[in-house]
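Peer 1: My questions all concern the structure below.
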Amino acid sequence: MAFIGVDLHTNSFTICRLHDDGTEGFETFTLSASALQVFCQSLDADDEIAVESTGNTAWFCDEIRACVGRVVVVNPRQFQVIRKSVKKTDRNDARALAFFLSKDMLPETRLKSTAESELSSLVATRDVFVKQRTMLLNKVHAMFVRRGCKLKKEGLASKKRLRELDVSQFTALEQAELAALRNQALGLTETLAELDKVIEAAGAELPGHESISSIKGIGARSAAILLSGIGNIDDFESADKLAAYVGIVPKVSQSNDTDNRGRITKRGNKLMRTTLVQCTLVAKRYSGYLNAFYQRIKERRGAGKAIIATARKLLSIIYDTLKNGWVFEDFTEFKIKQNQRPAGQPS
């Protein structure tokens with residue numbers, strides 16, 4: 001048995017093979033089908049491999065997984081040894097991965113299914129387009145403000161109002177700029193509408209879609225975003241683990257008798273957190289349970305912290321719902337469809 005650290009690049013990879021007797025060996029391969037075949041032939045069925053998570057890690061792992069006993073994908077943000085090493089070389093990086101793999105001390109990250117990864121990528125692309133459209137509309141609004149014209153930003157979200165903007169008071173150059181901004185914004189609006197249909201259809205195919213979409217406040221697109229972000233719910237031992245993954249838990253600083261808790265870590269997927277908060281704002285209007293929780297926190301700590309706390313509460317409900325396969329007949333009363341376990345209020 002050997003512990004193998006892999007420093008993976010786009011055109012090559014360097015390995016460190018650490019044996020039980022402490023001896024080690026290094027090899028560098030080109031990243032090609034023939035080289036991967038040679039590498040796989042050198043592996044034993046009980047070998048373990050560690051590789052950092054990069055853009056092509058999922059593909060690499062799929063190619064070599066059948067040849068070894070275990071593949072560990074390492075979270076590069078948490079594995080600081082390589083990034084902060086004084087002498088950073090491919091060999092040293094591979095050696096560090098092999099050594100910590102042999103001690104079972106690597107911060108492992110999760111690899112999502114192909115469907116989840118593809119949907120997550122598409123959702124991220126949609127978010128880029130949303131931000132681009134917002135930037136364009138802000139520019140249009142700024143040009144009107146500069147001319148002393150009152151214009152509501154919310155109105156620019158309407159395609160009809162955007163097309164009917166009166167630009168007669170602007171110069172020829174300004175009109176040309178406004179036309180370009182408007183056309184680009186309208187084009188992005190149509191693109192987003194098409195992407196929404198694809199995202200919602202793909203989300204409906206993911207496991208747990210019926211369960212999560214039965215929660216009042218979570219629409220089809222939000223369900224797709226949350227499911228693609230969460231992945232396999234069985235990867236999380238508890239709702240607290242899921243909350244930490246999403247980055248909606250407070251930072252903790254403990255030393256001796258002091259215990260300070262600050263703002264949330266925000267270490268997870270930002271779009272997923274934003275979607276969760278948006279769903280919470282809707283869900284608390286329908287759920288007396290969530291609204292009562294929100295109002296109780298709001299009285300003590302303010303609206304901002306109350307909505308974050310309520311979002312974490314909703315995430316706990318999402319966790320229980322996915323974990324148990326519940327489908328709500330009436331979410332506001334926590335009523336489960338027949339032939340399902342009673343939900344109650346476990347969170």
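The values are calculated or read from the model by the stated rules, or taken from the named source; none is laboratory data. What you see is a predicted model; the values in this text were computed from it and never measured. Ideal geometry is used to build each Cβ from the backbone, glycine not excepted, and the neighbour counts take in all protein chains shown. Note: accessible area is taken over every heavy atom of the protein model, side chains too, but ligands, DNA and RNA are not part of it. Shrake-Rupley method; radii C 1.70, N 1.55, O 1.52, S 1.80 Å.
Peer 1: Show me the helices of the chain, taken as full DSSP H stretches, that run 30 Å or more along their long axis by Cα and average 1.6 or above in Kyte-Doolittle hydropathy.
Peer 2: Passing helices, by number: none.
Peer 1: Within 10 Å, count the other beta carbons around each residue, average over each peptide in 147-160, 117-130, 205-218, and list them highest first.
Peer 2: 205-218, 117-130, 147-160
Peer 1: Per 0.36 nm of contour for each residue apart, how much would the distance between GLU63 and LYS266 grow if the chain were fully extended, relative to their Cα-Cα spacing?
Peer 2: On the way: separation 203, 0.36 × 203 = 73.08 nm, distance 3.31 nm.
Here the answer is 69.8 nm.
Peer 1: Using amide H atoms built 1.01 Å from N in the peptide plane, name the residues 5+ places from VAL327, or on other chains, whose amide H lies under 5 Å from its own.
Peer 2: Long-range HN contacts for VAL327: LYS337.
Peer 1: Shifting gears a bit: Give me Rg over Rh for the range 1-137, both radii from the alpha carbons and Rh done the Kirkwood way, two decimal places.
Peer 2: Expressed as Rg/Rh, it is 1.06.
Peer 1: State the answer as a single residue: which of ALA50, ALA306, SER213 lies farthest towards the positive end of the charge dipole of the chain, with beta carbon charges of +1 for Lys and Arg and -1 for Asp and Glu, about the Cα centre.
Peer 2: After comparing all options, I get ALA306.
Peer 1: With +1 on each Lys and Arg Cβ and -1 on each Asp and Glu Cβ, and nothing else charged, work out how big the dipole of the chain is about its Cα centre, in Debye to the nearest 20. Before the final figure, lay out the partial values.
Peer 2: On the way: 51 positive and 41 negative charges, 549 e Å.
That gives a dipole near 2640 debye.
Peer 1: Sticking with this one: Find which of THR189, TRP59, ALA98 sits farthest along the positive direction of the dipole of the chain, computed with +1 on the beta-carbon of Lys and Arg, -1 on that of Asp and Glu, about the Cα centre.
Peer 2: Going by the Cα projections, it comes out as THR189.
Peer 1: Where Lys and Arg each count +1 and Asp and Glu each count -1, what net charge lies around ARG91 among other residues with Cβ under 12 Å from its Cβ?
Peer 2: -1
Peer 1: Another one. At 1.4 Å probe size, with every protein chain present, just tell me what the per residue accessible area of the chain comes to in Å².
Peer 2: With the other protein chains kept in place, the chain gives 56 Å² per residue.
Peer 1: Separate question: Between ASN11 and LEU281, what is 0.36 nm times their sequence separation minus the Cα-Cα distance? Round to one decimal in nm.
Peer 2: Contour length minus the Cα-Cα distance gives 92.5 nm.
Peer 1: Counting only DSSP beta bridges with both residues in the chain, what percent are antiparallel, rounded to the nearest 5?
Peer 2: 70
Peer 1: How large is the dipole of the range 14-86 about the Cα centre if only Lys and Arg carry +1 and Asp and Glu carry -1, each at its Cβ, rounded to the nearest 20 debye? List each step's numbers first, then the result.
Peer 2: Numbers: 6 positive and 11 negative charges, 100 e Å.
So the magnitude is around 480 debye.
Peer 1: What spacing in nm lies between the two simple spin-label points modelled at LEU151 and ASN291, each 7 Å away from Cα in the Cβ direction?
Peer 2: Going from the LEU151 label point to the ASN291 one covers 3.8 nm.
Peer 1: Where Lys and Arg each count +1 and Asp and Glu each count -1, what net charge lies around ALA66 among other residues with Cβ under 13 Å from its Cβ?
Peer 2: Net charge in that neighbourhood comes out at -2.
Peer 1: Can I ask one more? Can you pull out the cysteines in the chain that have no other Cys Cβ under 4.7 Å?
Peer 2: Those would be CYS16, CYS61, CYS149, CYS279, since no other cysteine Cβ in the chain comes under 4.7 Å of theirs.
Peer 1: Next up: Mean shadow of the chain, computed from the convex hull of its alpha carbons, in nm²?
Peer 2: Answer in nm², one decimal: 25.8.
Peer 1: Here is a further query. What is the gain in length, in nm to one decimal, between LEU186 and THR332 on full extension, counting 0.36 nm per residue of separation less the C-alpha to C-alpha distance?
Peer 2: Numbers: separation 146, 0.36 × 146 = 52.56 nm, distance 3.78 nm.
My answer for the length gained is 48.8 nm.
Peer 1: Please list MET1, MET135 in order of solvent-accessible area, largest first, computed with a 1.4 Å probe with all protein chains present.
Peer 2: Accessible-area ranking of MET1, MET135, largest first: MET135, MET1.
Peer 1: Here's something else I'd like to know. At 222 nm, what value in deg cm²/dmol follows for the chain if DSSP H runs of at least 4 each add -39500 (n - 2.57) and the sum is divided by all its residues, to the nearest 500?
Peer 2: Working: 13 runs with 181 residues, N = 347.
For the chain, the value works out to -17000 deg cm²/dmol.
Peer 1: Here is a follow-up. What does the net charge come to around ARG17 if you take all other residues with beta carbon closer than 9 Å to its beta carbon, with K and R at +1 and D and E at -1?
Peer 2: Once positives and negatives cancel, what remains is -3.
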